[in-house]
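The values are calculated or read from the model by the stated rules, or taken from the named source; none is laboratory data. Keep in mind it's a predicted model, so treat the numbers as computed, not measured. Cβ: placed from backbone, ideal geometry, glycine included. Neighbour counts: every protein chain shown.
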Amino acid sequence: MIRKMISRLGLLFLIAIMLGPVIVVVIGSFMNGGELRLSFGAVLPDGTGYANIPLIPYYFTFSNYGKLLFQTVEFYRMFWNSVFQVAGIVLGQMLTGIPAAWSFAKWKARWKNVLFGLYIVLMMAPFQVLMVPEYLTLYRLKLIDTHYAVILPAVFATLPVFILTRFFRAVPDELLEAARLDGASEFYIFRKIGIPLGKSGIGAVVILSVFEYWSAIEAPLAFLQQRTHWPVSLYLPNISEQNAGAALAASFVILIPTLLLFLAGHDVMEEGIANTGRKG
């Protein structure tokens, strides 16, 4: 019992550390300007000393959320920019990644393993390595400073293909051979067997992609010049003493969609990730 109590206390301590930034954001978003200066003044520009953050604001206020949601048109524009960009990326990844992963997993081709190895190499390459060729390609296509400059490169990301390939390899080959003996076409097998059996893996990829691109910063900064096209992840490039309350409120509002998605789909994500290592 002592060991269990110690392990549970240790887990609670780790959870508190991981949730600490979120808790600080939530508490600070309900503070007024004067209390924010007293609590967070040390970490703001030109501040000194240490931050002193209470567990409950002394002067509870919704003014930061009121200012953000009712007086800031730019926030809504960037929010819907993010929705459009992330939806386009996820839809494109499903249309290209699912057939590509099925081909790598179940089709027999001469150079398939070599091509899949290149996919893995590209997956490990950071954005800075691919930024210049992507920029030049988008510039020649006249897509710089448009939503498609962010969407199109991400549509052909390698991570969804890698995860789904590992998942589709677990589908028994005997099942596919039985379908072929019954006269089923390859497209019919893919549509009626591959996709239904891969729902959990596809769900995991969708959730992971939303998490990644909802908070993307590097690609929008590199390919988008006008603020009218920026996603909500770039809404707070500079935080000052004057806008600290609205910044904390915006941070929490931006977190809500991904938090709700995680709560709704964490079972599917865990099942899909666990099944990628399963052997058929």
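Residue-wise test of (1) surrounded by 13 or more Cβ atoms within 10 Å (Cβ to Cβ); (2) within 18 Å of GLY201 (Cα to Cα); (3) assigned by TED's automatic domain parsing to the domain that holds ALA170; (4) not β-branched (Val, Ile, Thr).
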| site | (1), (2), (3), (4) |
| --- | --- |
| ILE98 | yes, yes, yes, no |
| PHE104 | yes, yes, yes, yes |
| LYS108 | no, no, yes, yes |
| LEU118 | no, no, yes, yes |
| PRO133 | no, no, yes, yes |
| LYS142 | no, no, yes, yes |
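Going by the structure shown, is GLY10 small (Gly, Ala, Ser) and closer than 21 Å to TRP214 by Cβ? Break it down stepwise before answering.
Numbers: small (Gly, Ala, Ser): yes; closer than 21 Å to TRP214 by Cβ: no.
So GLY10 does not fit the description; no.
Answer yes or no: is there a residue in the stretch 172-195 that is crowded, with 16+ Cβ neighbours inside 10 Å, over 30 Å from SER215 (Cβ atoms) and not aliphatic (A, V, I, L, M).
Looking for residues that are crowded, with 16+ Cβ neighbours inside 10 Å, over 30 Å from SER215 (Cβ atoms) and not aliphatic (A, V, I, L, M), one finds at least one in the stretch 172-195, hence yes.
Can you name the number of the only condition in (1) over 28 Å from LEU263 (Cβ atoms); (2) under 17 Å from the mean Cα position of the chain (by Cα); (3) surrounded by 15 or more Cβ atoms within 10 Å (Cβ to Cβ) that LEU221 fails?
Only one criterion is unmet by LEU221, namely (3).
Residue pairs, Cβ under 7 Å, 6 or more apart or interchain, first in the stretch 93-119 and within 13 Å of THR165 (Cβ to Cβ) and touching a residue at least 40 places away in the same chain (Cβ under 8 Å), second surrounded by fewer than 20 Cβ atoms within 10 Å (Cβ to Cβ) and not hydrophobic (A, V, I, L, M, F, W, C). List them.
From the stretch 93-119, the pairs are PHE104/LYS112; ALA105/ARG169; TYR119/THR158.
Would you confirm whether any residue within the stretch 38-60 is surrounded by 10 or more Cβ atoms within 10 Å (Cβ to Cβ), of a type in the set (S, T, N, Q) and not assigned by TED's automatic domain parsing to the domain that holds ARG169?
yes
For the stretch 102-184, give me every one of the helices (runs of 4 or more DSSP H) that falls completely inside it and has 2 or more residues that are of a type in the set (S, T, N, Q). Steps first, please.
On the way: elements: 112-124, 127-140, 147-155, 158-168, 173-181.
The qualifying helices (runs of 4 or more DSSP H) are 127-140, 158-168.
In the stretch 61-90, which residue that is of a type in the set (Phe, Trp, Tyr) and in a helix (DSSP H, G or I) is surrounded by the fewest Cβ atoms within 10 Å (Cβ to Cβ)?
Per the stated criteria, the residue is PHE70.
Which condition number does VAL150 fail, the rest of (1) at pLDDT 85 or above; (2) out of contact with any Pro (no Cβ under 8 Å at 6 or more places or on another chain) being met?
It is condition (2) that VAL150 fails.
Output the number of the condition that GLN93 fails; it satisfies all remaining conditions of (1) buried (at least 17 other Cβ atoms within 10 Å of the Cβ); (2) not in a helix (DSSP H, G or I).
Going through (1) buried (at least 17 other Cβ atoms within 10 Å of the Cβ); (2) not in a helix (DSSP H, G or I) one by one, GLN93 breaks only (2).
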